[in-house]
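Here's the structure we're looking at; comments come further down.
Values quoted throughout were computed directly from the atomic coordinates according to the rules given, and no laboratory measurement underlies them. Since the model is a prediction, treat every value here as computed from it, not as a measurement. Note that each Cβ is placed from the backbone with ideal geometry, even for glycine, and that neighbours are counted across all protein chains shown.
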There are 2 protein chains.
Amino acid sequence: MAGKIPTSPLAPAAFPDLPVIDGVRFATAEAGVRYQGRRDVMLAMLDAGSSVAGVFTRSKTRSANVLDCQAKVGGDASEGAAIIVNSGNSNAFTGRAGDGSVSAICEAVAGATGLPATRVFTSSTGVIGERLPHDRIIAKVDELIAAQDGGKIEEAALAIMTTDTFPKGASATVELPGGTVKIAGIAKGSGMIAPDMATMLVYIFTDAKVERSALQAMLSALTDVTFNCITVDSDTSTSDTLLMGATGASGVEVTAESTAFIEALRGVMLDLSHQVVKDGEGATKFVEVHVSGAASDADARTHAMAIANSPLIKTAIAGEDPNWGRVVMAIGKSGAAADRDLLTIRFGDILVAENGWVSPDYREEQGAAVMKEQEINISVDLGLGGGTATVWTCDLTHGYISINADYRS
Amino acid sequence: MAGKIPTSPLAPAAFPDLPVIDGVRFATAEAGVRYQGRRDVMLAMLDAGSSVAGVFTRSKTRSANVLDCQAKVGGDASEGAAIIVNSGNSNAFTGRAGDGSVSAICEAVAGATGLPATRVFTSSTGVIGERLPHDRIIAKVDELIAAQDGGKIEEAALAIMTTDTFPKGASATVELPGGTVKIAGIAKGSGMIAPDMATMLVYIFTDAKVERSALQAMLSALTDVTFNCITVDSDTSTSDTLLMGATGASGVEVTAESTAFIEALRGVMLDLSHQVVKDGEGATKFVEVHVSGAASDADARTHAMAIANSPLIKTAIAGEDPNWGRVVMAIGKSGAAADRDLLTIRFGDILVAENGWVSPDYREEQGAAVMKEQEINISVDLGLGGGTATVWTCDLTHGYISINADYRS
């Protein structure tokens with residue numbers, strides 16, 4: 001399926017060189033859950049003493065795997081942990097059978113590794129509503145355990161892909177007073193987020209030693225300014241999952257006050273979140289929307305998301321049309337406070353509109369030149385207060401329609 | 001511009017025969033605001049004693065015309081009223097110049113008709129952010145006044161079109177204890193609603209005698225279950241306007257208790273609102289979404305709109321793919337109460353999913369057959385309470401992308 005979709009024009013030139021994170025090992029296998037001739041299951045094994053934190057979809061129809069991870073993620077990590085992920089089938093909306101599949105996989109991994117089942121986390125991504133053939137995954141558990149290797153993170157990034165057109169990875173190395181720590185993460189996802197195959201899954205690892213509640217607090221706070229600030233099509237998966245494991249293998253302690261670490265983690269999460277947008281279904285442009293001068297940060301976010309989700313703005317960007325009237329429209333409809341005559345709108349560095357009208361110095365050719373770029377910045381100042389927000393999206397093209405109108409059948 | 005877009009496959013075979021409404025007359029003219037070689041300005045003249053009520057966009061960046069109409073619509077109607085509408089230029093986001101254009105047109109019509117300017121209502125629809133050449137409209141006022149005729153309502157429906165691919169009209173005749181009254185209305189709009197050219201404008205007339213506050217109450221309540229229940233693309237115009245005039249020429253009084261009249265008016269408004277969806281940009285399918293069993297009517301509406309606005313559902317419908325998993329996704333993301341395992345989903349009469357999973361009797365061919373129809377019904381029962389809602393939308397096709405990505409430039 002993935003092979004039919006051309007690689008996004010916004011894809012990076014190559015998968016990045018990710019550092020080995022001591023205390024975590026990866027393995028992949030061909031389980032044949034749905035795809036043939038490719039690796040479709042990934043295992044990540046975390047050493048004893050690792051902390052695990054997680055952030056999950058808010059969907060009220062979330063999958064059995066998500067419900068199970070949520071129940072487990074607050075638990076004690078002293079015994080280590082396993083994360084096992086399959087692509088091709090999401091195990092979402094599969095009734096009680098879905099819960100049974102999760103239990104069966106967790107028990108199998110627990111039995112083969114000696115971990116308690118409460119330390120086995122699962123994710124599934126792929127078609128919705130079809131029974132997960134979990135026996136095919138379980139049949140590969142011994143092979144996965146035998147194959148685990150700290151250097152196989154790129155293999156892991158490839159195994160979790162569905163409609164993704166490129167594997168996604170990012171990393172950082174942080175010098176702290178106590179020594180050097182490393183962070184490496186992988187992600188998959190190409191809608192925000194199509195429920196059939198394009199759930200967003202993210203796994204991040206560090207060899208820093210981080211107490212669980214501090215790790216959870218960092219991850220939750222940073223998700224709000226990274227993964228929760230991207231949108232491809234305003235749709236939300238039943239299965240979105242972000243898990244982070246801190247192995248502590250570096251012996252370097254990190255606390256909630258370690259701003260250098262937090263900043264580095266923010267960078268990794270932002271990079272991965274931007275890669276998800278850049279693999280947005282049919283995307284040809286990467287768009288940053290920055291809103292300032294709003295009555296509050298929440299209002300700024302409401303305006304920014306109204307702009308980023310507007311089909312009319314996204315199609316205008318696809319057409320390289322500097323259609324600032326549609327930005328005025330989106331601000332008007334968002335529901336957050338706005339005064340027509342105090343708005344300032346910029347495309348890139350070009351002042352387009354101010355004082356309730358097009359800027360007297362603006363010429364259409366200037367806006368058109370900005371729109372021809374592959375990365376586009378739209379900024380709006382409301383002129384009301386100090387609220388700001390930045391979100392990221394892509395354009396809405398014929399490619400999105402082709403992928404989604406012709407997909408499952 | 002309209003000529004380049006092929007007529008919607010959902011268009012009615014012909015414009016309906018609308019009855020003459022005593023007490024209102026129409027005229028149109030070629031003012032050349034933007035379009036050449038077609039009528040682009042419409043005047044409707046209402047006799048003294050008419051009541052006028054209105055409902056307007058909630059956009060915070062609404063146009064000068066909307067602000068002016070809102071200020072006037074509560075006023076005394078004893079002297080009659082005029083409604084003058086141009087297509088081609090929306091006079092939205094045109095700063096103080098926009099207010100000046102509205103005043104100039106109102107003064108000109110007032111001067112030529114003897115009406116006070118407070119009884120002249122204007123609407124403008126078309127490109128946003130360009131100064132309205134109101135002199136071209138004013139130059140036609142005498143010609144319009146001379147040409148007015150009760151039989152020219154179809155001409156009026158044609159003159160207000162922008163990206164519309166067909167003119168929209170609907171009517172009803174109601175037998176009441178006091179005699180017969182007639183209702184006739186026209187509308188334009190083909191997005192919900194594109195701000196450049198596809199604002200929704202609706203004008204409805206009746207010869208019933210209806211006190212203004214009763215007329216306003218009826219119109220507001222019925223808008224909530226008709227025009228506020230349609231969506232093409234979730235975008236909202238800066239200029240949406242619905243005006244209704246009751247001339248009283250029949251001598252038949254209608255009050256807030258006249259259920260037969262209210263039901264007939266609801267029918268006219270529903271018909272016009274459905275025609276707007278059927279002229280949705282790129283639409284090839286007309287979709288009714290019915291939600292029941294929700295915790296409240298408000299929750300039901302939230303779910304229904306999440307389904308109707310989901311790009312993934314709309315593209316699946318375009319692809320004739322019975323992708324019920326995307327319906328589960330939309331319910332999950334809507335934010336309103338839902339229980340995955342209590343959902344029931346039907347496509348047409350076909351039971352697709354229940355008890356948190358696909359129905360054991362469902363076969364994909366059944367859903368596929370429903371999706372091949374031109375009019376499709378999606379129903380969801382939440383199994384939680386008595387809340388219901390029905391909304392209408394269209395599919396999301398390559399046509400929408402083509403129209404909106406290539407439009408203005």
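Data overview
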read-out	value
Within a Gaussian network of chain A (alpha carbon springs, distance under 10 Å), most fluctuating of A:V20, A:V66, A:V41	A:V20
Where labels lie 7 Å past Cα in the beta-carbon direction, separation of A:D224 and A:D76 in nm	3.1 nm
Of B:W392, B:W324, B:W357, the one that fluctuates the most in a GNM where chain B has Cα springs shorter than 10 Å	B:W357
The stretch B:93-155 versus the stretch A:306-378: alpha-carbon centroid distance in Å	29 Å
Against the rule of thumb 2.2 N^0.38 Å, how large the Cα Rg of the stretch B:38-105 comes out	1.18
Pairwise label distance in nanometres, B:E257 with A:E175, each label 7 Å out on the Cα-Cβ vector	8.6 nm
Amide H contacts of A:I230 (H built 1.01 Å from N, under 5 Å, at least 5 apart or other chain)	A:W392
The stretch B:1-137 - share of DSSP beta bridges that are antiparallel (%, nearest 5)	60 percent
Relative contact order [Cα under 8 Å, 6+ residues apart], chain A, whole percent	18 percent
DSSP bridge orientation in the protein assembly as shown - percent antiparallel, rounded to nearest 5	65 percent
For the stretch A:8-87 versus the stretch A:214-278, the gap between their alpha-carbon centres in whole angstrom	14 Å
When chain B is reduced to its Cα atoms, the Kirkwood hydrodynamic radius in Å	21.9 Å
Sites A:D297 and A:A104, calculated FRET efficiency, Cβ-Cβ separation with R0 30 Å, nearest 0.05	0.10
Computed log₁₀ I(q)/I(0) - Debye formula, equal Cα scatterers, no solvent, the stretch A:286-405, q 0.15, 0.19, 0.21, 0.22 Å⁻¹	-0.60, -0.95, -1.14, -1.24
Mean separation of Cα contacts under 8 Å, 6 or more apart, over the residue count of the stretch B:112-264: relative contact order %	24 percent
Dipole in debye (nearest 20) - the protein assembly as shown, about Cα centre, beta carbon charges: Lys, Arg +1; Asp, Glu -1	180 debye
Whole-Hz ³J(HN,Hα) from phi, Karplus 6.51 cos²θ - 1.76 cosθ + 1.60, for the stretch A:328-336, glycine and proline x	4, 4, 5, 5, x, 8, 5, x, 7
Förster-model FRET efficiency, 60 Å R0, B:T118 and B:E373, C-beta, rounded to 0.05	0.75
Which of B:D279, A:D321 has the fewest Cβ neighbours within 10 Å, and the rest in rising order	A:D321, B:D279
Sites matching trypsin sites (Lys or Arg not before Pro) across the stretch B:261-369 that sit in DSSP coil, with at most 16 neighbouring C-beta atoms within 10 Å	B:R363
Packing-based exposure ordering (other Cβ within 10 Å, fewest first) of A:T199, B:T7, A:T397	B:T7, A:T397, A:T199
For A:V127, distant residues with modelled amide H under 5 Å away	A:G88, A:N89, A:S90
Under-5 Å amide H pairs with A:I376, H placed in peptide plane, nonlocal only	A:F286, A:V287, A:E288
Calculated from backbone phi, Karplus (6.51, -1.76, 1.60) coupling profile of the stretch A:114-123 in Hz, x at Gly/Pro	x, 6, x, 4, 5, 10, 10, 10, 10, 9
Spherically averaged projected area in nm², based on the convex hull that wraps the Cα atoms of the stretch B:41-171	8.0 nm²
Note, ³J(HN,Hα) from phi for the stretch A:166-175, Karplus 6.51, -1.76, 1.60, rounded to Hz, x at Gly and Pro	8, x, 10, x, 7, 8, 8, 10, 10, 8
FRET efficiency, B:E143 to B:L342 (Cβ-Cβ, R0 60 Å, nearest 0.05)	0.45
11 Å beta-carbon shell around B:S171, net charge (K/R +1, D/E -1)	-1
For the protein assembly as shown, projected area of the alpha-carbon convex hull averaged over all directions, nm²	33.7 nm²
DSSP-defined antiparallel bridges as percent of all bridges, chain B, nearest 5	65 percent
Residue with peak Gaussian network fluctuation, chain B [Cα springs, cutoff 10 Å], from B:P16, B:P322, B:P311	B:P16
Sequence of A:L132, B:L222 once ranked by neighbouring C-beta atoms within 10 Å, starting from the fewest	B:L222, A:L132
Cross-link partners of A:K182 among aspartates and glutamates (Cα-Cα below 15 Å; sequence separation of 8 or more within a chain)	A:D17, A:D22, A:D207, A:E253, A:E263
Over the stretch A:172-268, equivalent-ellipsoid semi-axes from the Cα gyration tensor in Å	28, 12, 11
Value of relative contact order over the stretch A:286-405, rounded to a whole percent, pairs C-alpha under 8 Å and six or more apart	47 percent
Cα centre as origin, Lys/Arg/Asp/Glu Cβ charges: the stretch B:332-377 dipole, Debye	180 debye
